[in-house]
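Student: Structure below; questions to follow.
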Amino acid sequence: MKQELSKAYNPTGIEEGRYAEWEKAGYFHVEAGDPRHPFSIVIPPPNVTGSLHMGHALDNTLQDVLIRYKRMDGACSLWIPGTDHAGIATQNVVERELAKEKITRQQLGRSKFIERVWQWKEQSGGRIVRQLRRLGASCDWKRERFTMDPGLSRAVRTVFVRLFDEGLIYRSKYLISWCPRCQTALSDLEVEHHDVDGQLTYFKYPLVSGVQITVATTRPETMLGDTAIAVHPDDKRYKKLVGQKVQHPFLPRTFPVIADSVVDPKFGTGAVKVTPAHDPNDYALGERHKLEFISIFESDATTNAETGPYKGLDRVAARKRVVSDLKSRGLFEKAEPHRHAVGHCQRCRTVIEPRISEQWFVKIAPLAKPAIDAVKKGDIKFVPEMWTKTYLEWMENIRDWCISRQLWWGHQIPVWYCDSCNEKSASVEDLTQCPKCMKKNLRQDPDVLDTWFSSALWPFSTLGWPDATPDLKKFYPTTVLVTGFDIIFFWVARMIMMGLKFTEKAPFQTVHIHALIRDQFGQKMSKSKGNVVDPLEIMDRYGTDAFRFALCAFAAQGRDIILSEKRIEGYRNFINKLWNAARFAMGNWDGQKIAESAPKPATLPDQWIRHRLNEVIAEVRRGLDEYRFNESAEILYQFTWHEFCDWYLEMAKIHLSDSAPKNVRSSTQESLFYVLDRMLRLLHPLIPFVTEEIWQQLPISRPTPSIMLAQYPRDDEFRAPDSSQEFETLREAIVALRAYRSASKLPSSQKLEVKLLVGNTAPGKRAGGDVIEKHQRYFELLGGIKTFDVVKKRPNAPWVSLVSENFQFYVLPERSTDSASEMARMEKERAKAAADVDFLTRRLADQAYRSKAPPQLVAKDEEKLKYARIRLERIDQFLTSTES
């Protein structure tokens with residue numbers, strides 16, 4: 001009885017059902033008591049406000065490939081999922097929801113507002129988690145975590161208190177980046193600098209002595225907070241002015257002219273205004289010269305009482321008013337276009353304001369040193385290796401981390417102030433009375449911690465730390481972290497620092513940094529450009545497997561990914577090709593149960609495909625082990641489509657026909673299903689849905705209920721080098737005939753008359769005539785041959801010569817071909833062969849290519865060059881003999 005798959009693969013009708021089966025069966029879940037060796041990954045927790053974008057899709061596809069691969073390969077594979085509470089982003093979302101009801105969070109009050117955020121989180125915050133399931137992510141959902149879960153919150157407080165007690169967390173006034181829209185401090189990493197078109201305004205400051213000095217600035221409004229003018233100490237233009245007093249033109253204030261070597265004499269006029277409370281460089285100048293720090297803005301970036309008559313203006317209005325007044329007093333000199341970088345809030349894109357504010361900081365240097373050493377010693381490895389330098393350069397110049405945020409949503413800082421004795425106490429548990437004076441006159445610090453503070457603990461807090469849990473013992477340190485380069489400093493570096501500090505172990509062994517996905521024109525995707533591609537739409541259109549395979553195929557180390565929908569469509573065709581190959585196999589099955597064990601291959605195609613299978617297994621494993629996902633994908637693509645489908649199945653048809661001997665037919669069926677089974681297993685981590693659907697219907701004895709639990713293919717040690725060489729020789733001859741047919745535009749139905757000239761086989765190869773005569777049946781079937789002869793002398797016209805690496809053929813054309821036409825065709829063949837030799841010679845002479853390309857690719861190019869030279873030599877011999 002023959003069993004058939006449906007005519008077409010329908011991903012829409014299969015993916016959701018298969019995923020639900022996997023999750024219900026508990027295939028994604030593991031326990032700490034599992035005796036198998038661990039392989040663990042923590043998901044980079046997406047914002048609870050988020051939805052799946054291309055970066056998420058790539059990031060999580062690569063993680064899922066690794067988890068599925070290692071799960072099948074015998075590891076106790078754990079992938080911990082979860083989401084980040086995303087303080088600023090989530091608070092903004094809920095505030096927008098309240099605005100629709102014409103309510104502010106201030107009107108609602110802190111506790112009621114936090115209740116609303118939790119309600120929103122329960123109702124809408126799981127969208128991205130559902131979308132990850134759609135992608136096929138085989139996370140252990142029973143272990144799903146949220147950065148404000150009770151256990152993770154306890155970990156956050158424990159870390160804070162320990163750092164506080166050691167003096168590594170402190171509170172101080174400092175110049176920080178402030179978002180007037182979000183009304184909170186930002187860390188340096190939460191500020192994005194974009195080049196903008198601005199103006200460099202030149203204006204004069206009057207000195208008390210009666211002279212004037214001209215300064216240039218991009219922010220004339222901040223002159224309301226100036227407390228000095230700085231010049232370079234060697235600038236002869238201003239030497240006599242150093243130490244003199246400047247009279248502010250609009251405010252009753254004077255300040256000095258100072259000299260400092262940080263000033264660039266070539267910028268503007270060489271004299272710069274100094275506003276210590278509103279510029280990082282000026283802040284350092286102010287500290288060195290003990291200047292006055294005058295803050296001129298309120299938290300919403302409107303001018304305050306320090307600006308006198310300018311009070312109550314926003315930044316833009318204050319700038320216009322100041323420039324206007326400078327002009328009216330004859331102090332304005334000129335304004336010229338000036339393009340410069342301006343900091344913006346990463347979340348709301350508002351221009352940030354440098355502002356002196358009292359904030360909480362982590363003293364970072366003591367934490368950074370062990371994190372630097374861990375990478376230098378090789379305890380943590382970056383892949384690609386080039387990111388090591390980026391990490392080290394940043395870590396060696398790191399500044400203290402501002403960890404407080406003026407928000408309501410997040411981990412409230414666990415510090416209490418006693419209004420009776422002014423004691424400041426940090427505690428893991430909520431305090432109800434002062435530990436010093438025992439009075440209950442306490443208030444908790446209103447600020448919350450930076451979102452990245454809690455996510456820095458993610459690899460160990462998700463496993464139960466600070467308790468010594470079985471999960472922590474089994475799965476920590478995690479094995480690999482897969483993430484984008486844009487959060488190396490936000491997240492990766494902080495996890496390394498915190499992991500080493502609190503567990504004395506690096507949180508992961510390897511950090512795989514994947515590239516950025518760009519559009520088909522190489523442009524970075526952004527909403528403003530209108531070139532954002534929605535991965536959910538792509539999956540709807542082409543199926544999840546095709547999308548996943550495309551992401552893997554695009555993911556070359558160190559190169560940005562150019563997203564081409566045409567290629568995704570091509571990989572959908574690949575999925576269909578695999579499905580049709582399985583349909584062919586099922587259609588040629590006699591109904592008997594086929595053993596899962598390796599059969600002994602009897603025919604040339606079976607021996608060749610089994611030999612190639614073992615080579616492919618080694619190559620695919622190497623690619624996945626080295627995080628070269630694109631190479632594994634390419635190898636599997638070529639093997640499945642071009643070797644298994646285009647060659648093996650075509651030759652196997654001879655032995656699967658009803659006229660074939662029963663024992664040969666049976667043996668071919670066993671080999672066919674054995675290779676198909678292994679091929680599906682190799683492909684499963686990349687394309688899980690279609691492989692499961694096919695595998696479930698294969699007539700083989702399955703040791704596991706799902707392909708995702710089946711053993712990942714290993715080398716079964718079958719080798720048939722002689723048969724493989726014969727097959728390649730045979731294939732080479734058939735390819736030459738097909739090339740001639742294509743070039744001559746002959747229909748596939750037209751059979752060819754062929755003569756083979758013997759006696760000129762390439763070195764190290766079996767004589768072509770022997771191979772053809774031994775396997776003539778395959779040659780005639782796949783070459784489309786009507787008559788075939790082996791000759792020792794070149795036949796005369798009208799026979800046309802075809803030169804291959806191991807053969808020289810002669811084909812009788814449909815119509816007579818004159819010698820001039822034949823010579824012209826052979827000259828074209830020579831030009832192509834010469835171009836191949838030139839290209840491959842130059843490529844292999846390039847040491848950069850040899851050092852970066854995988855060894856197997858270099859070896860293939862060397863083989864191609866060898867035979868391109870043989871081909872060129874043969875063509876030259878033919879042309880010489882013809883001319884003579």
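The values are calculated or read from the model by the stated rules, or taken from the named source; none is laboratory data. All figures in this text were calculated on a predicted structure; none of them were measured in a lab. Every residue, glycine among them, receives a Cβ derived from its backbone with ideal geometry; neighbour counts consider all protein chains shown. Note: areas computed on protein heavy atoms with side chains; ligands, DNA, RNA excluded. Shrake-Rupley method; radii C 1.70, N 1.55, O 1.52, S 1.80 Å.
Student: What's the extension gain from E396 to K7 if we count 0.36 nm per residue and subtract their Cα-Cα distance?
Tutor: 134.0 nm
Student: Could you pull out every residue, at least 5 positions away or on a different chain, whose amide H is within less than 5 Å of the one on L207? Hs are placed 1.01 Å off N in the peptide plane, and Pro or chain starts have none.
Tutor: Q212, I213, Q247
Student: Using the alpha-carbon atoms, what tilt in degrees (0 to 90, nearest 10) does helix 87-100 show relative to the longest principal axis of the chain?
Tutor: Tilt of helix 87-100: around 80 degrees.
Student: In addition: Given a 1.4 Å probe and every protein chain left where it sits, what share in percent of the accessible area of segment 405-468 is carbon and sulfur?
Tutor: So the carbon and sulfur contribution to the accessible surface is 45 percent.
Student: Sticking with this structure for a sec: Using the Karplus curve 6.51 cos²θ - 1.76 cosθ + 1.60 with θ = phi - 60°, work out ³J(HN,Hα) for each residue of segment 129-144 in order, rounded to whole Hz, and write x for Gly and Pro.
Tutor: In residue order, the calculated couplings are 5, 5, 5, 5, 4, 4, 6, x, 4, 8, 6, 7, 5, 5, 9, 4 Hz.
Student: So what's the angle, to the nearest 10 degrees on a 0 to 90 scale, between helix 365-376 and the longest Cα principal axis of the chain?
Tutor: 20 degrees
Student: Looking at this model, which pairs from K363/K505; K653/K832; K70/K524; K239/K320; K381/K501 are more than 25 angstrom apart at the alpha-carbon?
Tutor: Violating the 25 Å Cα-Cα cut-off are K653/K832; K70/K524; K239/K320.
Student: To continue, here is another question. Straight distance only, please: which aspartates and glutamates reach the Cα of K593 with their own Cα at less than 17 Å, same-chain residues fewer than 8 apart left out?
Tutor: E4, E670, D677
Student: Now a separate question. Once you charge only the Cβ atoms, +1 for Lys and Arg and -1 for Asp and Glu, what is the size of the charge dipole of segment 374-421 about its Cα centre, to the nearest 20 debye? All intermediate terms of the calculation are to be shown ahead of the outcome.
Tutor: On the way: 6 positive and 6 negative charges, 36 e Å.
Once rounded to the nearest 20, the dipole reads 180 debye.
Student: Rounded, prolate or oblate: which one fits segment 691-744, using the alpha carbon gyration tensor with axes a ≥ b ≥ c (rounded when a/c is under 1.5, else prolate when a/b beats b/c, else oblate)?
Tutor: Values: a/c = 4.46, a/b = 2.00, b/c = 2.23.
Oblate, because a/c is 1.5 or more while a/b does not exceed b/c.
Student: Rounded to the nearest 10 degrees, what's the angle between the helix 386-395 long axis and the longest principal axis of the chain, both from Cα atoms, 0 to 90?
Tutor: The helix 386-395 is inclined about 10 degrees to the chain.
Student: Rounded to the nearest 500, what is the chain's calculated 222 nm mean residue ellipticity when only DSSP H runs of at least 4 contribute -39500 (n - 2.57) each, over all residues?
Tutor: For the chain, the value works out to -13500 deg cm²/dmol.
Student: While we're here: Assuming a ≥ b ≥ c are the square roots of the Cα gyration tensor eigenvalues, decide whether segment 1-62 counts as rounded (a/c under 1.5), prolate (otherwise, with a/b larger than b/c) or oblate.
Tutor: It comes out oblate by the Cα gyration axes.
Student: At a 1.4 Å probe, what is the % contribution of carbon and sulfur to the accessible area of segment 538-688?
Tutor: 45 percent
Student: Next up: What are the semi-axes of the equivalent ellipsoid for the chain, taken as the square roots of 5 times the Cα gyration tensor eigenvalues, largest first, in whole Å? Spell out each step's value before the answer.
Tutor: Details: eigenvalues 915, 269, 101 Å².
Semi-axis lengths for the chain are 68, 37, 22 Å.
Student: Step through the residues of segment 115-124 one at a time and calculate ³J(HN,Hα) from phi using the Karplus curve (6.51 cos²θ - 1.76 cosθ + 1.60, θ = phi - 60°), rounding each to whole Hz and writing x for Gly and Pro.
Tutor: 3J(HN,Hα) across segment 115-124, in whole Hz: 4, 5, 5, 4, 4, 4, 4, 5, 8, 10.
Student: Collect residues whose amide H, placed 1.01 Å from N in the peptide plane, falls under 5 Å from the amide H of R518; neighbours closer than 5 in sequence don't count.
Tutor: I561, I562, L563
Student: Would you mind getting the accessible area per residue of the chain, heavy atoms of the protein chains only, 1.4 Å probe, in Å²?
Tutor: Result: 44 Å² of accessible area for each residue.
Student: So for the chain: antiparallel DSSP bridges make up what percent, rounded to the nearest 5? Could the numbers behind the result be given before it?
Tutor: Details: 63 of 92 bridges.
In the chain, DSSP labels about 70 percent of beta bridges as antiparallel.
Student: Let me make sure I get this right: for segment 426-531, a, b and c are the square roots of the gyration tensor eigenvalues over alpha carbons, sorted descending. Under 1.5 in a/c it's rounded, otherwise prolate if a/b > b/c, else oblate. Which is it?
Tutor: It comes out oblate by the Cα gyration axes.
Student: Let me ask something else. Using the per-residue mean of other Cβ atoms lying within 10 Å as a proxy for protection, in what order, highest first, do the peptides 57-68, 504-515, 453-464 fall?
Tutor: So the peptides 57-68, 504-515, 453-464, ranked by packing, come out 453-464, 57-68, 504-515.
Student: Measure off, as a whole percent, the carbon and sulfur share of the 1.4 Å-probe accessible area of segment 227-347, all protein chains present. Don't skip to the answer; put the middle values down first.
Tutor: On the way: 3090 of 6270 Å².
That share works out to 49 percent.
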